[in-house]
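What follows draws every value from the coordinates through simple rules; no lab data is involved. Quick caveat: nothing in here was measured; it's all calculated off a predicted structure. Positions of Cβ are generated from backbone atoms using ideal geometry, with glycine treated the same way; all protein chains shown enter the neighbour counts.
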């Protein structure tokens with residue numbers, strides 16, 4: 001269920017029976033030849049595909065994250081770490097206010113990690129809350145499946161280029177990009193970082209056949225659904 005397709009009365013009725021929900025976190029940032037909303041699209045879709053058979057509501061994705069290093073690529077939007085932490089905290093507090101107690105955060109952007117400690121600390125202090133933070137692309141089964149195809153796969157490579165993150169009319173290169181040396185990334189200006197990574201991919205194939213992509217997706221959905229069903233700490 002998507003919150004966007006529910007009324008408040010339906011949510012209230014649901015909360016009388018269950019206290020689980022999914023909060024996707026994304027980003028709006030360059031992804032080479034794929035959509036600028038890759039991280040948001042994937043976080044929301046994997047959350048929904050996992051939750052839908054269980055009847056668990058999925059909140060709209062938070063579409064902006066922490067991505068200052070990509071600011072030399074037009075279309076990228078970043079929040080400061082302090083702002084992002086406050087946004088996530090306010091969303092979680094809102095969910096808590098209404099009665100959600102088991103919250104699965106499905107994160108689609110590695111740069112959002114600075115908000116995780118604060119989110120988990122809040123959950124520890126809030127009465128009855130059990131929060132799981134899931135970087136879906138790092139799930140053990142997902143990453144093993146990716147590595148079996150292309151261990152160099154990274155940001156803006158094939159591992160994020162699903163049918164629903166491709167841009168119509170855009171053809172990615174048919175080659176394998178060597179891994180980019182990201183040494184000193186923290187000290188680079190956005191302009192220097194753009195020069196370093198070129199088209200935006202960190203390395204790996206730019207695309208893979210759809211049958212491989214769907215196998216990866218099935219694993220990601222299964223891992224996420226298992227967390228929703230069995231992953232809650234006592």
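Observations, loosely collected:
- Per-q log10 I(q)/I(0), segment 106-176, q = 0.13, 0.15, 0.24 Å⁻¹ (Debye; single scatterer per alpha-carbon; no solvent): -0.55, -0.68, -1.13
- Legend: calculated FRET efficiency, residue 210 to residue 138, from the Cβ-Cβ distance at R0 = 25 Å, rounded to 0.05, equals 0.65.
- Among 218, 186, the order by Cβ neighbours within 10 angstrom, fewest to most, reads 186, 218.
- Dividing the radius of gyration of the alpha carbons in segment 1-45 by their Kirkwood radius gives 1.17 for Rg/Rh.
- Choice from 168, 134, 176 showing the highest fluctuation, given a GNM over the chain with Cα pairs closer than 10 Å: 168
- At R0 = 25 Å, FRET efficiency that the Cβ-Cβ distance of residue 97 and residue 226 yields, to 0.05: 0.35
- In this simple spin-label model, placing a label point 7 Å from the Cα along the Cα-to-Cβ direction at both residue 218 and residue 10 gives a separation of 2.9 nm.
- Stretched out straight at 0.36 nm per residue, the stretch from residue 196 to residue 2 would grow longer than its current Cα-Cα span by 65.9 nm.
- C-alpha center-to-center spacing [segment 132-167, segment 88-107] in angstrom: 26
- Full-stretch length increase - residue 181, residue 124 - with 0.36 nm per residue and alpha-carbon distance subtracted: 16.7 nm
- Segment 1-150 - Kirkwood radius from inverse mean 1/r over Cα pairs (Å): 16.1
- Relative contact order %, segment 1-50, counting alpha carbon pairs below 8 Å whose residues are six or more apart: 32
- Pairs of Cα atoms nearer than 8 Å and 6+ residues apart set the relative contact order; for segment 66-145 it is 29 percent.
- Candidates 39, 150, 181: whichever shows maximal mean-square fluctuation once the chain is modelled as a Gaussian network with Cα springs under 10 Å: 181
- The ranking of 82, 211 by Cβ neighbour count inside 10 Å, starting from the fewest, reads 211, 82.
- Mean-square fluctuations from a GNM of the chain, with a 10 angstrom spring cutoff on Cα atoms, peak among 188, 213, 71 at 188.
- Per-residue ellipticity at 222 nm computed for the chain from its helices equals -12000 deg cm²/dmol, with DSSP H segments shorter than 4 residues left out and the rest contributing -39,500 (n - 2.57).
- Length available on full extension from residue 80 to residue 189: 0.36 nm per residue minus the Cα-Cα distance, which gives 37.7 nm.
- Relative contact order, whole percent, for segment 98-234 stands at 30, derived from Cα pairs under 8 Å and 6 or more residues apart.
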